[in-house]
Every structure is written in C-alpha cells, then in structure tokens.
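To start, the structure under review is shown below, and the notes come after it.
Laboratory data are not the source of any read-out in this text; all were calculated from the coordinates shown. Bear in mind that the values here come from a model prediction, so they are computed numbers and not experimental data. Here Cβ is always computed from backbone atoms with ideal geometry, including for glycine, and neighbour counts include all displayed protein chains.
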Amino acid sequence: MVWAAISSKGIIGPFFREQTINAAKYLGILDEFVAIHYALDDHWNASWFMQDGARPHRTPAGFDFLSEHFNDRVIALDYDKHTGSGMAWPPYSPDMSHVTFFLWGVPERPGYHQAQQTIAELKQHTSTACETIPSDVFVRVFGQFCLTLRHVVGANGDYF
C-alpha cells in the first residue's frame, strides 16, 4: 500500500506499507505525516485535510486524531457525524482526491513506465517518480482543484 499527501507546495510521502491497512496502521501513517507536515509548513494551522472513505480512515480513533491536528478543517466521509465539525463529503460529488486522479497517474505516464521485478524496485520507482514532479505542477493541480470545488458547490454536491 502506498499513501501520500499532496498540496500546492508538493508531496509528503510516499509512505509504504506491505501489510493490509487497518485503523491502527493508518493512524501510524497519519502520525508520520503530521510530524513531517508540521516541520515543513509554517502555516499548517490553515491547512485542510481531505481523505477518501476507505474503512480504516473512518474510525473514531482516526477522526479524533484528525480533530486534534486539523480541528474543523477536515473533509472526510462521516467526519462531521463523529465530531460535529468539519465538512461533510459531498454525497454525489465525483471522487475529488487529487492523489487518486493526479499523483498515482504520474508513474503510468510515458517515460515513467518500467517493469519492476521486486517490491524494492517498485518503491524506488514510485519515490523517484514523486520526486521528479516539478513544483509548479502542484500549483496548477490545486488551481484545478479549486475549480472543481466551485463546480461541486454550484451543483449543490450533485453530479456536474
């Protein structure tokens, strides 16, 4: 399993786990992420955290962790039900995760394709692909993300 966070400033990660992810392992990844995020970003208290609806992401312990570090600046399925704050995941919106639609597509683009024979090679290939993305690309990706959010709002969370 590979987990990464992206922002307009770049990538934190990737974090690799060879086991099936459960809630406790996900909390371990979040703990590593938050430590790096705090060290790299002097404006972390203005950052929003957005995650998909995978079951290990939607536990009381996970929501409590996110609440502790991001307060009400969380967009996640069921987060608002658990904490009474944050932003509900729009019910009919497309999956807006740019990690899913942007970042994980990078290693599949022409020029990145290589056959990896081992887990170590796959990890190295993924890390290298992440490191070689120019920083201005992240600014453009998040400009598109803001446009996507405007469409979601304009459609009242419905399809657009």
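Most tightly packed first, judged by the mean number of other beta-carbon atoms within 10 Å of their residues, the peptides 143-150, 8-15 read 8-15, 143-150.
Please report the net charge: other residues with Cβ closer than 14 Å to the Cβ of ARG58, K and R +1, D and E -1.
Its environment carries a net charge of -2.
Apply the a/c threshold of 1.5 to the C-alpha gyration tensor of region 1-87 and tell me whether it is rounded, prolate or oblate. It is oblate, given that a/c is not under 1.5 and a/b is not larger than b/c.
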